[in-house]
1. Go through Gly129, Gly122 for me and flag whichever is part of a loop (DSSP other than H, G, I, E, B), modelled with pLDDT of 95 or more and closer than 19 Å to Val7 by Cβ.
2. Out of everything in region 155-173 that is touching a residue at least 60 places away in the same chain (Cβ under 8 Å) and under 18 Å from Val258 (Cβ atoms), what residue ends up being nearest to the chain's Cα centre (by Cα)?
3. Pairs under 9 Å by beta carbon, first residue farther than 18 Å from Ser52 by Cα and at pLDDT below 95 in region 16-30, partner in a strand (DSSP E or B) and of a type in the set (D, E, K, R), six or more apart or different chains?
4. Within region 225-241, which residues are crowded, with 19+ Cβ neighbours inside 10 Å and not small (Gly, Ala, Ser)?
5. Taking into account only those residues within region 3-30 that are touching a strand residue (DSSP E or B) at 6+ places or on another chain (Cβ under 6 Å), of a type in the set (Asp, Glu) and assigned to a loop (DSSP other than H, G, I, E, B), which is surrounded by the fewest Cβ atoms within 10 Å (Cβ to Cβ)?
6. Given the residues Ala149, Ala113, which is the only one that is in the same structural domain as Arg224 (by TED's automatic domain parsing), crowded, with 16+ Cβ neighbours inside 10 Å and either in contact with a helix residue (DSSP H, G or I) (Cβ under 7 Å, 6 or more places away or on another chain) or among the aromatic types (Phe, Trp, Tyr) (or both)?
7. Taking region 31-52, which residues are in a helix (DSSP H, G or I), modelled with pLDDT under 90 and crowded, with 16+ Cβ neighbours inside 10 Å?
Amino acid sequence: MPEAPEVERVREVLAARVEGATLEGIRMVGRRLVRRHDPELLATVSGRPIVSMRRIGKFLVFDLGTDALVVHLGMAGRLVVSDASATATHVQLVLDFRRAVITLVDPRTFSEAFVDVLGTDGRPRRLAGLGPDVFGPEEEIAASLERHAARSRRAIKTALLDQRVVAGLGNMYADETLFRVGVHPSTPMNVLGRRLVAIAEAAGDVAREALAAGGTTFADRAYRDPLDRPGAFGARLAVYQRAGSPCPRCATSIVRRVLQGRSAHWCPRCQQGGG
């Protein structure tokens, strides 16, 4: 699943092409795209200018002023700058602008699009419950972690994946964050104390470094930016999808286990402990 660095890279590319431009037409090809929303709502955005192109957590927000078209890429969705027709393989949505055509391509059909009213904070109402963004001030991320730790014994990896705690992190960058601070992913968050501050700092560092590298693209090429360029951060991953490979710090073999239904990767020597 694209995480905040990949989604931010998508936002950067699209902003240069759609901000200030009028959305001249919208064609919904995949019926599952609006599973929980009225598909006719999407038609209400046609003929309206894009005020700004924003990202909130893993969501892309086409800001229309009073409301917004919101897109979530799901597990393998991609927004592509293209002149591809709506009948091309795996296309779910087509956004027509005068100088660009944006297509949402998703072979797994977990992506989603909806229209939502903007609240007084500028966020779509449905996203109001998201926590501080991983690219935001580290003190806000640390405060959120500490607030949740005060009333929860859940594993720190599980907490990092909760978008109400930190918005934008997923499996990959959560694993990388915990490796950097030497914390086992199953460690109860309420015993970490001031180490939560270090986790907040590492999460922001990992996200910024990944964005600078254009995100992470694996061999399946599931993620590429809207101009079809792959991300280069995969070469710098320390633990994620490196099970059996030597730890870059101590050469111990990286392990992979399923923790509370999600895969986790860590170094058993550098990240000892757990719950």
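1. Of Gly129, Gly122, the one residue that is part of a loop (DSSP other than H, G, I, E, B), modelled with pLDDT of 95 or more and closer than 19 Å to Val7 by Cβ is Gly129.
2. Result: Gly170.
3. Short answer, once both residue conditions are applied: Arg27/Asp96.
4. Asp225, Pro226, Phe233, Leu237, Val239, Tyr240
5. Filtering first and then ranking leaves Glu24.
6. Numbers: Ala113 fails: in the same structural domain as Arg224 (by TED's automatic domain parsing).
So the residue among Ala149, Ala113 that is in the same structural domain as Arg224 (by TED's automatic domain parsing), crowded, with 16+ Cβ neighbours inside 10 Å and either in contact with a helix residue (DSSP H, G or I) (Cβ under 7 Å, 6 or more places away or on another chain) or among the aromatic types (Phe, Trp, Tyr) (or both) is Ala149.
7. Keep residues of region 31-52 that are in a helix (DSSP H, G or I), which gives 31-34, 39-45.
Imposing the further condition that a residue be modelled with pLDDT under 90 reduces the set to 31-34, 39-44.
Within region 31-52, Leu33, Val34, Leu42 meet the criteria.
Here's the yes/no breakdown for (1) within 20 Å of Ala238 (Cα to Cα); (2) among the basic types (Lys, Arg):
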position: Gly131; (1), (2): no, no
position: Val134; (1), (2): yes, no
position: Arg151; (1), (2): no, yes
position: Asp162; (1), (2): no, no
position: Val191; (1), (2): no, no
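The values are calculated or read from the model by the stated rules, or taken from the named source; none is laboratory data. As the structure is a prediction and not an experimental result, all values here were calculated from the model. Neighbour counts run over all protein chains shown; Cβ positions are idealised from the backbone, glycine included.
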